[in-house]
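The values are calculated or read from the model by the stated rules, or taken from the named source; none is laboratory data. A quick note: this is a predicted structure, and the numbers were derived from the prediction, not measured. Glycine gets a Cβ as well: all are built from the backbone with ideal geometry, and neighbour counts include every protein chain shown.
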Amino acid sequence: MRTPQRLSAIAIAAVTAAAVLAGCSSASNSTAAATSALAPAPPTPTTSLIPHWPLTVAAANGRVTIKDLPRRIVSLDPTATEDLYAVGAGTQVVAVDQYSDFPPGAPVTSLSGTDPNIGAITKYKPSLVISQNDPRLLRALRKLGIPVLIEPEVSNLRAAYSQIEQIGQATGHAYQADETVANMEEVIDHIVAQAGTKYQGLTGYWEVSAKTDGPYRSATSATLVGHIMAMFGLRNIAATDGPGAEPELSGAEIASTKPQIIFLADASQTPAMVVARPGWADIPAVKDHHIYALNADLASRWGPRLPQLIEEIASALASAKS
């Protein structure tokens, strides 16, 4: 008999496989079987999901009109890159930024999303550019008649799903995007339902990044990770300072809140390094060895691998309560 934990693991594998393989020419029978097991046979796409060009998308930068199916897409953000491949637009992608390391096989270049080089971008003759946020890029490409979708960092799951659906619509893959979101929702709902109320009130500290002797940058309840922590009933020690807030806290401030579990989203930090921090010996999470290093890429993105991040968090919580 399949246990709930096993079901969750299979579901995660299916979603991950979909992100890697969407837009490719073949997939293994086992992957197809696992994916189809998650949901009933998909219905025929409705008329509203069939693209009609020109098409207008309501993005963060306003209404963006795309004249024809974009066959030369440039992605300047790792999350957008993952979204593109998840919805089946991988074959339309001609270049991605230097940090887009997933899925394997994406056309990684030296392009930068934080300091975009307009000339380098236009060399790829893009019919669509997707970026997290850069007013200069937006103005320059708009003058050249190149449509740009701005997909900023999100603060909740619904916004993450909306971006996937938006990218699917803009690239001619609205139906696949809806299926991707449906699978993500199913997996995440299952993980959270399994957790129930077991972790209600548990105090948690999420570390985004750290300097050697502090301060330590955290994530408030107004961020996506804060939203995910709340789904498990965790009490986030970081004050809510506003949307997207990532305050810097001193070691003494963190120690005074006595978190019972610590999540590390910075690949340069390890549980052993946290244990050695001055003044942290009496923190419950340190005394009980409830310090968990997460996959840094998963913890900093909000695309189709969100179920994997949430599974990592659920596994850490289960270990802390065992």
Could we say that Ala316 is at pLDDT 95 or above, in the same structural domain as Leu202 (by TED's automatic domain parsing), exposed (fewer than 15 other Cβ atoms within 10 Å of the Cβ) and not aromatic (Phe, Trp, Tyr) here? no
What helices (runs of 4 or more DSSP H), lying completely within the range 111-182, carry at least 1 residues that are aromatic (Phe, Trp, Tyr)? 157-170
Could you identify the single residue in Thr114, Thr122 that is touching a Leu at 6+ places or on another chain (Cβ under 8 Å) and either assigned by TED's automatic domain parsing to the domain that holds Gly303 or surrounded by fewer than 18 Cβ atoms within 10 Å (Cβ to Cβ) (or both)? Thr122
Under 6 Å between Cβ atoms, which residue pairs at least 6 apart in sequence (or on different chains) link something in the range 184-210 that is in contact (Cβ under 8 Å) with a residue 12 or more places away in the chain with a partner that is in a strand (DSSP E or B) and of a type in the set (Gly, Ala, Ser)? Trp206/Ser218
Would you confirm whether or not the range 80-103 contains a residue that is in the same structural domain as Leu157 (by TED's automatic domain parsing), at pLDDT below 95, among the polar types (S, T, N, Q) and over 19 Å from Glu165 (Cα atoms)? no
List pairs: first residue in the range 253-272 and part of a helix (DSSP H, G or I), second residue surrounded by fewer than 19 Cβ atoms within 10 Å (Cβ to Cβ) and of a type in the set (Val, Ile, Thr) anywhere in the structure, Cβ distance under 9 angstrom, at least six positions apart or on different chains. Thr257/Thr203
Verdict on Ser315 being out of contact with any Asp or Glu (no Cβ under 8 Å at 6 or more places or on another chain), part of a helix (DSSP H, G or I), within 17 Å of Gly233 (Cβ to Cβ) and without any contact (Cβ under 8 Å) to a residue 24 or more places away in the chain: yes
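Quick check on Ala245: is it of a type in the set (Gly, Ala, Ser), more than 18 Å from Ile313 (Cβ to Cβ) and more than 20 Å from the chain's Cα centre (by Cα)?
No: the conditions fail for Ala245.
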Enumeration of residues in the range 203-249 that are buried (at least 17 other Cβ atoms within 10 Å of the Cβ), aliphatic (A, V, I, L, M), out of contact with any strand residue (DSSP E or B) (no Cβ under 6 Å at 6 or more places or on another chain) and outside any helix (DSSP H, G or I): Ala222, Ala245
Given the structure, is Arg277 within 20 Å of the chain's Cα centre (by Cα) and of a type in the set (Lys, Arg)? no
Going by the conditions given, is Trp280 of a type in the set (Phe, Trp, Tyr), out of contact with any Asp or Glu (no Cβ under 8 Å at 6 or more places or on another chain) and outside any helix (DSSP H, G or I)? yes
Within the range 69-110, restricting to residues that are assigned to a strand (DSSP E or B) and among the small types (Gly, Ala, Ser), the one that is nearest to Leu306 (Cα to Cα) is Ser75
